[in-house]
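Everything below concerns the one structure shown next.
The values are calculated or read from the model by the stated rules, or taken from the named source; none is laboratory data. Keep in mind that what you see is a predicted model, and the values were worked out from it rather than measured. Neighbour counts are summed over all protein chains in view; Cβ atoms, including those assigned to glycine, are modelled from backbone coordinates with ideal geometry. In case anyone asks, the SASA skips ligands and DNA or RNA and just uses the protein heavy atoms, side chains included. Shrake-Rupley method; radii C 1.70, N 1.55, O 1.52, S 1.80 Å.
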Amino acid sequence: RRLGEHGAAPGVGGRLRRPIVQPEGQLPLALPHDDAGGTVPDLDAGEGAGTLVGTQHVRLDAGTFSARHYRRGDGPRARHVWISDRVPLWGLARFRGPTVEMSLVAMGTGAVSRVTGEPVPFDPASLR
């Protein structure tokens, strides 16, 4: 579940008011963003995504996407990210890390937020 507003083409960054995700059965997490301008980070830029492995077609519940596959780290602690221009905001189609895996299950419009509880700050170190 995600609460936020964006005004950009899919996968091109944009403006976000307050990004919050809430995994089922857990507290909502306030994701980091640029407080000054509300911009969405570009996962393809800098060291955030890691080393480009190549472009692949990934089949997900939300469909099949052409995505750039990045790897950060090696061995069993490696983290993999697949980024597609067809996915809104960060373009994140799939993520696989040592303890968590997530992938896009659907995209659409007209969603109603069901975030409950006060968001807590997200700690990226928790994914390591």
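Provide the FRET efficiency to the nearest 0.05 for the Met107-Asp74 pair, computing r from the beta carbons and using R0 = 30 Å.
On the way: r = 32 Å, r/R0 = 1.07.
Calculated transfer efficiency: 0.40.
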Check: How many nm separate the modelled label positions at Arg96 and Ser126, each set 7 Å beyond the Cα in the direction of the Cβ?
Finding: 2.3 nm
Checklist line | Amide H contacts of Ala93 (H built 1.01 Å from N, under 5 Å, at least 5 apart or other chain) | finding: Trp82, Ile83, Ser84
Checklist line | Amide hydrogen neighbours beyond the local backbone of Ala78, cut-off 5 Å, H modeled | finding: none
Check: If you take the square roots of the eigenvalues of the alpha-carbon gyration tensor of the stretch 67-128 and sort them as a ≥ b ≥ c, do you get rounded (a/c under 1.5), prolate (a/b over b/c) or oblate?
Finding: oblate
Check: Taking square-rooted eigenvalues a ≥ b ≥ c of the alpha carbon gyration tensor, is the stretch 52-98 rounded, prolate or oblate, where a/c under 1.5 means rounded and, failing that, a/b exceeding b/c means prolate?
Finding: prolate
Margin query: So, taking all protein chains as they sit and a 1.4 Å probe, how much accessible area belongs to Asp85, in Å² rounded to tens?
Written below: 90 Å²
Item checked: Per residue solvent-accessible surface (Å²) - the stretch 46-128, probe of 1.4 Å -> 64 Å²
